[in-house]
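All remarks here apply to the structure that follows.
The values are calculated or read from the model by the stated rules, or taken from the named source; none is laboratory data. It should be emphasised that the depicted structure is a prediction, and the values quoted were computed from it without experimental measurement. Positions of Cβ are backbone-derived with ideal geometry, glycine not excepted, and every protein chain shown enters the neighbour counts. The accessibility values were calculated without ligands, DNA or RNA, using every heavy atom of the protein model including side chains. Shrake-Rupley method; radii C 1.70, N 1.55, O 1.52, S 1.80 Å.
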Amino acid sequence: MGAELTRYLNLGAAQMASAIGDLDANLATHHRLIGQARNLGIECLVFPELSLAGHYGAENLLNVAMHRDDTRLLDLSKAAGEMEIVVGFIEEGPAAQFYNAAAVLKNGRLVYIHRKLNLPSYGRLIETKYYALGRFVDTHPMPGDWRMGLLICADLYNPALVHLSFLHGATLLTAPISSGREAVGDEFDNPDSWATTMKFYSMMYGAPSIMVNRCGVEEDLTFWGGSRILDPFGRVLAQAGEGEEVIAAKLDYAEVRRARALLPTVRDSNISLVQREMERLTAKLGVPDIVRDDE
């Protein structure tokens, strides 16, 4: 009976604009949107990347970084109650190492954390100037058969990381992002790229997905919103416009079962082959031919 009750998941995206480096203002926005989500019956609410700090919040790094047990994070978690929320913040880890992180909060606790792995340093993106690299891919258990694969923005542009998340058992791909139209360059269409990326992953792995972008303007970047929730066949269930908005969709785990029976990507992943070839590549890739022993 319990599995039947948790087959469905009411998933929500909280698209918002962040005030650069203003934790108090951003916390107030989070509390307000959590209230809206509760009125909609949302069970899991996802905020954008760095939602508490702003895309350019790291310019004031020492004043906006938060430890994972910060009372302000825990207050958000208390406000969420039984609803799980995913918030983006700058985590100050041990030994004064700073991470672009996403925390899963529920019932007054921080229950899971992901540190961004793929830090971009191209176009107008300079994250390697501020953040240490995350070093793990894992998943977060949710009620019933739902398991969250949580990756941040450019993490999804390294397909190996997404593949690892699904091999760890993810049945839901969660992607808080911070995508400005100008971020990569004039010839790169960020909105179209994200639409293609999310549709591909949902179809390929037979899993619903949620992408949550910010909106508004921060310095030289215009954020286009467009947050969306997709079903396990890559169909858009809900999509936001360009401004602040909370959207929601009801997911059915029966659809995940049906999609994965039709296209068993996880089943056929052949982990041992991938591991063997990666070990072989690691020993050779990038080593100059003049010093490499091809035998």
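Within region 43-95, can you find the residues that are open to solvent by 50 Å² or more (accessible area, probe 1.4 Å), under 15 Å from Leu110 (Cβ atoms) and either under 18 Å from the mean Cα position of the chain (by Cα) or hydrophobic (A, V, I, L, M, F, W, C) (or both)?
Across region 43-95, the qualifying residue is only Arg68.
Does region 169-177 include one or more residues that are in contact with a helix residue (DSSP H, G or I) (Cβ under 6 Å, 6 or more places away or on another chain), within 15 Å of Glu49 (Cβ to Cβ) and assigned to a loop (DSSP other than H, G, I, E, B)?
So far as region 169-177 goes, yes, one or more of its residues are in contact with a helix residue (DSSP H, G or I) (Cβ under 6 Å, 6 or more places away or on another chain), within 15 Å of Glu49 (Cβ to Cβ) and assigned to a loop (DSSP other than H, G, I, E, B).
Pull up region 1-42, narrow it to residues that are among the polar types (S, T, N, Q) and at pLDDT 95 or above, then point me to the one that is most open to solvent (accessible area, probe 1.4 Å).
Initial filter on region 1-42 (among the polar types (S, T, N, Q)): 6, 10, 15, 18, 26, 29, 36, 39.
Going one step further and asking which of them are at pLDDT 95 or above, we end up with 10, 15, 18, 26, 29, 36, 39.
Numbers: Asn10: 33, Gln15: 1, Ser18: 15, Asn26: 2, Thr29: 23, Gln36: 77, Asn39: 138 Å².
Looking at residues that are among the polar types (S, T, N, Q) and at pLDDT 95 or above, I get Asn39.
Which condition does Arg115 not pass, out of (1) open to solvent by 30 Å² or more (accessible area, probe 1.4 Å); (2) of a type in the set (D, E, K, R); (3) out of contact with any Phe, Trp or Tyr (no Cβ under 6 Å at 6 or more places or on another chain), if it passes all the others?
With (1) open to solvent by 30 Å² or more (accessible area, probe 1.4 Å); (2) of a type in the set (D, E, K, R); (3) out of contact with any Phe, Trp or Tyr (no Cβ under 6 Å at 6 or more places or on another chain) applied to Arg115, the lone miss is (3).
Given the structure, is Ala183 outside any strand (DSSP E or B), under 24 Å from Tyr56 (Cα atoms) and touching a strand residue (DSSP E or B) at 6+ places or on another chain (Cβ under 7 Å)? Even if it seems obvious, please write down each step before you answer.
Values: outside any strand (DSSP E or B): yes; under 24 Å from Tyr56 (Cα atoms): yes; touching a strand residue (DSSP E or B) at 6+ places or on another chain (Cβ under 7 Å): yes.
Considered against the rule, which asks whether it is outside any strand (DSSP E or B), under 24 Å from Tyr56 (Cα atoms) and touching a strand residue (DSSP E or B) at 6+ places or on another chain (Cβ under 7 Å), Ala183 comes out as yes.
Among the residues that make up region 258-272, is at least one of them over 19 Å from Thr196 (Cβ atoms), surrounded by 17 or more Cβ atoms within 10 Å (Cβ to Cβ) and free of Cβ contacts under 8 Å to residues at least 60 places away in the same chain?
yes
Filter region 119-142 for residues that are open to solvent by less than 60 Å² (accessible area, probe 1.4 Å), over 19 Å from Glu92 (Cβ atoms) and either charged (D, E, K, R) or part of a loop (DSSP other than H, G, I, E, B) (or both) and give the result. First the steps, then the outcome.
Applying the first criterion (open to solvent by less than 60 Å² (accessible area, probe 1.4 Å)) to region 119-142 yields 119-120, 123, 125, 127, 130-132, 134, 137, 139-140, 142.
Those still in the list that are over 19 Å from Glu92 (Cβ atoms) too: 120, 123, 125, 137, 139-140, 142.
Pro120, Gly123, Leu125, Val137, Thr139, Met142, listed by residue number.
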